[in-house]
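Here the structure is laid out as structure tokens; the discussion comes afterwards.
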Amino acid sequence: MLKKLNSIRYKFIRSHLYGLFLITTILLSILLGVYVSLEPSWLTSEAIFLFIGTMVVVSFFVSLYVGFQSSGQIKEKLDGLSTLITSLSRGNYNSRIHLTPEDEVSRIGDELNGLAEKLKTQVRSLQKMADERSEYAKSAHKAATIEERQRLARDLHDAVSQQLFALTMMSQATLRMFDQDPSKAKSQLEEITSMALQAQTEMRALLLHLRPVHLSGDPLDKGIHNLIEELKQKCQIDFDVQIEEVQEVSDGAEEHLFRIVQEALSNILRHSEATSVTLTLKPLNQEIFLHIGDNGKGFEVNQDKKTSYGLKTMQERTEEIGGTFKIRSRPDEGTYIDIRIPV
């Protein structure tokens, strides 16, 4: 209630009431001064207070009506400006506002329209640059692609080599003590099983990055479906997938979105310990909306976002094509990523 009383409309009404109070005080002072100093026969104290009381009652309702009406147009303009700013902050750069007549508020609206046009132009430039980089990547020499995959394969081997070495050493030690201390050997077998599962999960997550960069010629929705079907066969995670076909998406934007999905799923496999994942991709109000959520262990966003290379990569890819990247997570409450790309 108090917040509503601080709105522009009630401030207008209060200003009229302040004016009424000031005028009433001045008239009362003048009439009392005339009554005390001159004592005219036509002016009595009852007449003074009757006049002032009538004027206050009538002026009060007039002030309410005039204040309410005069503030309506300004309130509508301010609401329009607020709606435009909200749309721009959400990435809808096609929003515009048209205000009449020409005044200070209308000039602010014109400046915001100009800002929206500049932001839209910059988004187009970013998407054009992404397309140019995509075309350049496609025309790169085949030998460079083979060399890059070989490098990734070496990194993949190094990522799990220590775990495999530890598994080998523990397996040999377990075999030697199996007859001497069966209970301890059983405990070590359970530890070996846990390490093997961890190494397997790490391997699957890293293998995601060995997929073709350009979706192998498939559209974005089909490429994501193929990626998830592959993961379903290799891990015990339930996927809730809702993907709609998106139109008017450049090759560069498709590539970035696919890589973002890859990186997000890789992070889920390696770190989240999730049992279910939700993925939504659909057109929404001249935007492409991508949502990825999991029921994993979560993390503190303000701490881990600064150090996570995967999260930085996803945010940079989103910003390169003019999109907005938002992540929500708390320990033991899962992680949720929302991405909006203007089209």
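Structure summary
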{"read-out": "Bins of 5 Å, starting at 0 and running to the largest distance - Cα pair percent for region 292-343", "value": "5, 20, 27, 26, 14, 6, 2, 0"}
{"read-out": "Per DSSP, loop GluC sites (Glu not before Pro) in region 42-117 with at most 12 further Cβ within 10 Å", "value": "E102"}
{"read-out": "Those chymotrypsin sites (Phe, Trp or Tyr not before Pro) in region 10-106 that DSSP places in a loop and that have at most 13 other beta carbons within 10 Å", "value": "W42"}
{"read-out": "Portion, in percent, of the accessible area of region 73-138 that falls on carbon or sulfur, probe 1.4 Å", "value": "54"}
{"read-out": "Inter-centroid distance (Cα atoms) of region 170-200 relative to region 26-53, Å", "value": "106"}
{"read-out": "Given K234/K326; K184/K234; K232/K297; K11/K75; K222/K282; K282/K326, the pairs whose alpha carbons are separated by over 23 Å", "value": "K234/K326; K184/K234"}
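The values are calculated or read from the model by the stated rules, or taken from the named source; none is laboratory data. On a predicted model such as this, the values are computed, not experimentally measured, just so you know. Quick reminder, even Gly has a Cβ in these numbers, built from the backbone with ideal geometry, and neighbours come from all protein chains shown. Accessible surface areas use protein heavy atoms only, side chains included; no ligands, DNA or RNA. Shrake-Rupley method; radii C 1.70, N 1.55, O 1.52, S 1.80 Å.
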